[in-house]
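FYI, it's all coordinate maths here, none of it is from the lab. All values derive from a computational prediction rather than experimental measurement. Backbone-built Cβ (ideal geometry, glycine too); neighbour counts: all protein chains shown.
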Amino acid sequence: MLKRFQITGGRLVETDGNDAPVHLYIAPDEQERKYLVEQCKLDEHTLLSALDPDELARLEFEPEHAAVIFKKPRNYSSADEFRFRVVSIGAFLFRERLVLVVAEDVPLFEGKQFARVGSLQDLVLKLIYRTIFHFEEHLRVINMISGELEQEINTAMENRHLLNLFTLEKSLVYYLNAISSNARLASKLQNAAAKLGLTPENLEFLDDIVIENSQCHEQATIYSNILASLMDARASIVSNNLNVLMKTLNIIMIALMLPTLVVSIFSMNVRLPVPAPHRETIWPFWFVMALATGSAVVVALIWWRRRR
């Protein structure tokens, strides 16, 4: 699917004109890929890299354009089951045109960063800057979800919440890799500023991108280290909760076993309290019942004293 955008008054406005300077290809089909390779002279391997979520961010120069591939968090949904993923975005910068290629329909031009766009180079930098904020938003969500899972693990006796926490930890590893890859890309953009035609304002903005990305990487590292260091402790909590449950069940079984043992010993030798003129005294029955009840009370008292 192809969308075209015109820069009007510093804003991006969608248009149908073929002369629009910004072309956005969303999950391009075979015909669109053929057009990009043959007509726009995009390298086929680089184009496929822009659609590969596992591709690293990088900067490449071709005779007629510069290819910028950067990483962006994928939109999270409940169907992902605590799995946060990243996607690749390809920005092919020509002299008078910018071609963007994404593998799925994701919002690219949201946020106050796009309230004022001065040039195509400025648009590319703002797209990278927006991905940093997107990563930070997801990191806050991951931190909130991990806190909720910790509360569940403190009382749970199953591995489901622990596995969800492990999935979050795995997602943070992928996020760290993507953020580090974007950091290397920003460094390459600084070194190739003259070749890309970046203005002093663009360079100043690029310095802000480097700083924000570094802070984002530190934040992701802290969250990842915390989750990794506490995984063993949380597994021990689940095991301890199970041991407490088994201990409680054993005490209940003992409390039920002693009265059953007492009644079983005397059951064949004690007359039942059936009213009849020829029956003898029935006090042995009540004695056995009192002995059984007393044994249960003794077990309960011992348990209560040991828990104090």
Quiz item: Calculated from DSSP H runs of 4 or more alone, at -39500 (n - 2.57) each and per residue, what is the 222 nm mean residue ellipticity of the chain, nearest 500?
Solution: -21000 deg cm²/dmol
Quiz item: Measuring from label point to label point, each 7 Å out along Cα→Cβ, what is the K247 to M144 span in nm?
Solution: 3.7 nm
Quiz item: Across the chain, where is the longest run that never hits GluC sites (Glu not before Pro) in a DSSP loop with at most 15 other C-beta atoms within 10 Å?
Solution: 159-279
Self-check item: Lysine pairs in the chain with Cα atoms under 16 Å, if 8 or more residues apart or on separate chains
Solution: 4
Exercise. Quote to one decimal, in nm, the extra length available between W286 and L256 on full extension: 0.36 nm per residue of separation minus the C-alpha distance between them.
Key: 9.0 nm
Quiz item: Can you give the FRET efficiency for Y35 and F61, using 1/(1 + (r/R0)^6), R0 = 25 Å, r = Cβ-Cβ distance, to the nearest 0.05?
Solution: 0.70
Exercise. Report the extension gain between F133 and V13 in nm, rounded to one decimal, defined as 0.36 nm multiplied by the number of residues separating them, less their alpha carbon distance.
Key: 40.9 nm
Quiz item: Expressed as a rounded percentage, what relative contact order does the chain have, with Cα pairs under 8 Å and six or more residues apart?
Solution: 15 percent
Self-check item: Lys/Arg +1, Asp/Glu -1 at C-beta; the chain dipole; positive extreme among T293, N243, T131
Solution: T293
Practice problem: Could you please rank T15, T46, placing first whichever residue has the fewest other Cβ atoms within 10 Å of its Cβ? | Solution: T15, T46
Self-check item: For the chain, built as a Gaussian network whose Cα springs stay under 10 Å, the top-fluctuating residue of K34, K71, K126
Solution: K34
Quiz item: To the nearest 20 debye, what charge dipole does the chain have about its Cα centre, counting +1 at the Cβ of each Lys and Arg and -1 at the Cβ of each Asp and Glu?
Solution: 1940 debye
Practice problem: Jot down the radius of gyration and Dmax of the chain, Cα atoms only, both in angstrom. | Solution: 34.2, 118
Quiz prompt | Size of region 33-133 as Cα extents on the principal axes (Å, biggest first) | solution = 43, 32, 21
Quiz item: Nearest 0.05, what FRET efficiency do E96 and N225 give at R0 = 41 Å with Cβ-Cβ as r?
Solution: 0.30
